[in-house]
Amino acid sequence: MCDVSEEPTPRGYSATKDQLKARLRRIEGQVRGVEKMVDDERYCIDILTQISAAQAALDKVALGLLDQHAHHCVLGAEALEDRDEKTKEMMAAVGRLMRRG
């Protein structure tokens, strides 16, 4: 259901795609703001605070995507084997997110 295939399949986030894109654009603006802070030679702690805010915003997006994946792809999988495979895939993604930094 959520695999990459020749025909586009609806993703778990399809219904909220516009909200997701708007959130990512705000994060992009935050990152550009951090770059400007560096250009302006702002105080290091202020820059770090903004980096932390951008990371938190990305984490929120990631958690939302994981939630939608769990509901749409994992629980929506028809066969138990598919559900197990999607769960393993999701847990690997969670592991990658947690190892960051």
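The values are calculated or read from the model by the stated rules, or taken from the named source; none is laboratory data. Since this is a predicted model, take the numbers as computed values, not measurements. Virtual Cβ from ideal backbone geometry, glycine too; neighbours counted across all protein chains shown.
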(message) Please pick out the residue among LEU24, LEU20, LEU66 that is in contact with a Phe, Trp or Tyr (Cβ under 9 Å, 6 or more places away or on another chain) and either within 21 Å of VAL94 (Cα to Cα) or modelled with pLDDT under 95 (or both).
(response) LEU20
(message) Suppose we filter ALA92, ALA77 for residues that are of a type in the set (A, V, I, L, M, F, W, C) and surrounded by 13 or more Cβ atoms within 10 Å (Cβ to Cβ); which single one remains?
(response) ALA77
(message) With the structure loaded, tell me whether LYS60 is modelled with pLDDT of 85 or more, over 13 Å from the mean Cα position of the chain (by Cα) and at negative phi or whether it fails that test.
(response) no
(message) Just to verify a result, which residue in segment 29-64, among those that are of a type in the set (D, E, K, R) and farther than 19 Å from LEU97 by Cα, is surrounded by the most Cβ atoms within 10 Å (Cβ to Cβ)?
(response) ARG42
